[in-house]
1. Suppose every Lys and Arg Cβ carries +1 and every Asp and Glu Cβ carries -1, with no other charges. What dipole size does the stretch 56-117 come out with about its Cα centre, to the nearest 20 debye?
2. What is the Cα convex hull volume of the stretch 50-115 when expressed per residue in Å³?
3. Using the reciprocal of the averaged 1/r over all distinct C-alpha pairs, how large is the Kirkwood radius of the stretch 9-68 in Å?
4. Dividing the Cα radius of gyration by the Kirkwood radius, what Rg/Rh value follows for the chain?
5. Report relative contact order for the chain in percent, whole number only (criteria: Cα-Cα under 8 Å, sequence separation at least 6).
6. Which three extents, in angstrom, do the Cα atoms of the stretch 83-154 have along their principal axes, listed largest first?
7. At 0.36 nm per residue, minus the direct Cα-Cα distance, what do Glu40 and Gln11 gain on full extension? Give it in nm, one decimal, please.
8. Between Ser52, Ser144, Ser89, where does the largest GNM mean-square fluctuation fall for the chain, given springs only between Cα atoms within less than 10 Å?
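Just so you know, all these numbers are worked out from the coordinates, no wet-lab data involved. If you're wondering where the values come from, they're calculated on a predicted model, not measured in any experiment. Methodologically, a virtual Cβ is constructed for each residue, glycine included, from the backbone with ideal geometry; neighbour enumeration extends over all protein chains shown.
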Amino acid sequence: MNDEITKTPSQQDLTTRLHAAFAAESMTAQRYFSFAQAAEIEGMVGLARLFSELAESASCAAQGHLDVLHYTDPMTDLPVGETGLNIASALAACLRESTQTYPDLAALAHASGVADTASWLETLVALKKRHTERLQEALGTLTSPAAAQQSEVSR
């Protein structure tokens, strides 16, 4: 596990800005993947390929930001790197998303009278709950080699 290190104000500022850069590159990658799909549907194969390549590049940049953040998940501030730590961090994020983030957004959408958006967000609550269950199961496999082997076969 990572030990808590006291950071200077400039080091903390750098970490904060790297978190923001990671978020920006991650969002850019998803936007470009979406743009590539739209271009492909519209029959613009060359532009679809361009957006796909740009999305891959943005995804690589986001991965690089994770690397220089020294194995701390920007979403949870939990240590990551080893599979067990990665599962625990992903589980923490999914729990938050399924119990706070998406339920709160769904309630806001309902209060705002945007039923379609509320329905979409409620779908995400259910999805994140399922992700949480799967991650909890995966965490259990780390303590049982037989269960881990069965998990690899059944997925």
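1. Values: 1 positive and 8 negative charges, 26 e Å.
Value, rounded to 20: 120 debye.
2. Taking the convex hull of the Cα positions in the stretch 50-115, it is 125 Å³ per residue.
3. Evaluated on the stretch 9-68, it is 12.2 Å.
4. Values: Rg = 18.9 Å, Rh = 18.3 Å.
When Rh is taken as the Kirkwood radius, the ratio is 1.03.
5. Contact order relative to length: 16 percent.
6. So the three principal-axis extents are 50, 22, 12 Å.
7. Numbers: separation 29, 0.36 × 29 = 10.44 nm, distance 4.29 nm.
That pair, Glu40 and Gln11, stretches by 6.1 nm at full extension.
8. Ser144
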